[in-house]
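Structure first, then comments.
Each reported figure results from applying straightforward, stated rules to the coordinates on display, with no laboratory input. For clarity, every value in this text was computed on a predicted model and none was experimentally measured. Don't worry about glycine lacking a Cβ; one is built from the backbone with ideal geometry, like all the others, and counts go over all protein chains shown.
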């Protein structure tokens, strides 16, 4: 029973950040009903299987939302919900008759969460896009990559999941807390371009202070320095360094043996290529495992660069149970952790319409109503 146990949330079926947000809230205990399209769920929803891990933790009902009876069925669930998640282009929910005005009229305490790439308004609000586009417009993508090379897309972690799902989850939880005080719901407009920009806040401060250049691969945290970077080892694998502070850097020099060389000062930018070249040579003299034996658990700020599957087996991660096997699939465990109200995976990924009768009944829809909707072909 996680900290959100007792809260009910309606999720309108979609892909990417919306499902990620719903997964996070379900892991924290919320009772979430996902509404998938009745026909051809692959067009408006992510085709699901036991491996579609973003769909874990909640139940799915299939409803034809383009019919009056289907719209009314969704509204009957919304009436009983504390929150809602939708990730359509601006105006789609309104055209379905399920927009914020209608939903809040039926349920004044509803926290109506909206996830888009560009936001609910603005010149680009109606344009199609994906993570790479949102982080490009917010300045994030430009900042990631090597000097004199093209920007490097950081998977879809920054726009979809960091700037999108996490910000919507935060917005929904804040809205739920505020609704407890005011008795009133509201709309949460979570745009991935806004969230990605927000993640860059520290770097705008550094730039304003003259400590960050608006270019790639020449700064403290973007691989520009020798003491915050990755290095190849003898066996073709990689290690990571983050020896920023002087006392950590001193230990790095000692453990690599470079303290015996007359190298330039750590913080002189002109010296960075020189020392980086020496570190590159040194790290190639031993395997990754050998460097682990020397540096792991020291204050060098060191860790091996693990593959996805290697990460699941590392002793620290296994001790922490950072990854778990659930329903035969190894996957990241719920996060963060709570001392009393433990977050847990509630159920395996849902299939479209898999729980229609069960979920609607548990949310207070009568059996007669459910049977009537099935007979009309409105739900499946």
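In table form, for the structure just shown:
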item	result
Relative contact order (%) - criterion: Cα under 8 Å, at least six apart; region: the chain	23 percent
For segment 181-283, diffusion coefficient by Stokes-Einstein and Kirkwood Rh (Cα), 10 °C, 1.306 mPa s, µm²/s	96 µm²/s
Convex hull of Cα atoms in the chain, direction-averaged projection (nm²)	22.0 nm²
Distance from segment 224-302 to segment 143-211 (C-alpha centre basis), Å	32 Å
Candidates 122, 99, 113, ranked by Gaussian network fluctuation over the chain, Cα under 10 Å, top entry	122
Residue among 74, 140, 329 with the largest mean-square fluctuation in a Gaussian network model of the chain, springs linking Cα atoms under 10 Å	329
Segment 239-326: Cα Rg divided by the 2.2 N^0.38 Å rule of thumb	1.27
Diffusion coefficient, µm² s⁻¹, Stokes-Einstein with Kirkwood Rh over alpha-carbon pairs of segment 37-146 at 10 °C and 1.306 mPa s	98 µm²/s
Taking 211, 355 and counting other C-beta atoms within 10 Å, the order from fewest to most	211, 355
Alpha carbon centroid spacing (whole Å) that separates segment 76-120 from segment 305-339	34 Å
Mean ellipticity per residue at 222 nm, deg cm²/dmol - from DSSP H runs of n ≥ 4 across the chain, formula -39500 (n - 2.57)	-10000 deg cm²/dmol
Chain lengthening between residue 15 and residue 105 when straightened (0.36 nm per residue, less Cα-Cα)	29.7 nm
Gyration tensor verdict on segment 287-344 (Cα atoms; rounded if a/c is under 1.5, prolate if a/b is larger than b/c, oblate otherwise)	oblate
Tilt relative to the chain, helix 17-27 - C-alpha long axis, 0 to 90 degrees, to 10	90 degrees
C-alpha long axis of helix 166-182 to longest principal axis of the chain, angle in °	50 degrees
Gaussian network model of the chain, Cα within-10 Å springs - most flexible of 215, 254, 72	254
Difference of contour (0.36 nm per residue) and Cα-Cα distance, residue 142 to residue 235	30.3 nm
Largest to smallest principal axis extent of the C-alpha atoms in segment 125-232, angstrom	54, 32, 28
Global geometry of segment 55-109, whether rounded, prolate or oblate, following the gyration tensor of its Cα atoms and the 1.5 cut on a/c	rounded
Rg/Rg_ref, segment 229-380, where Rg_ref = 2.2 N^0.38 Å and atoms are Cα	1.77
Cα-based helix-to-principal-axis angle, 246-256 vs the chain, degrees rounded to 10	70 degrees
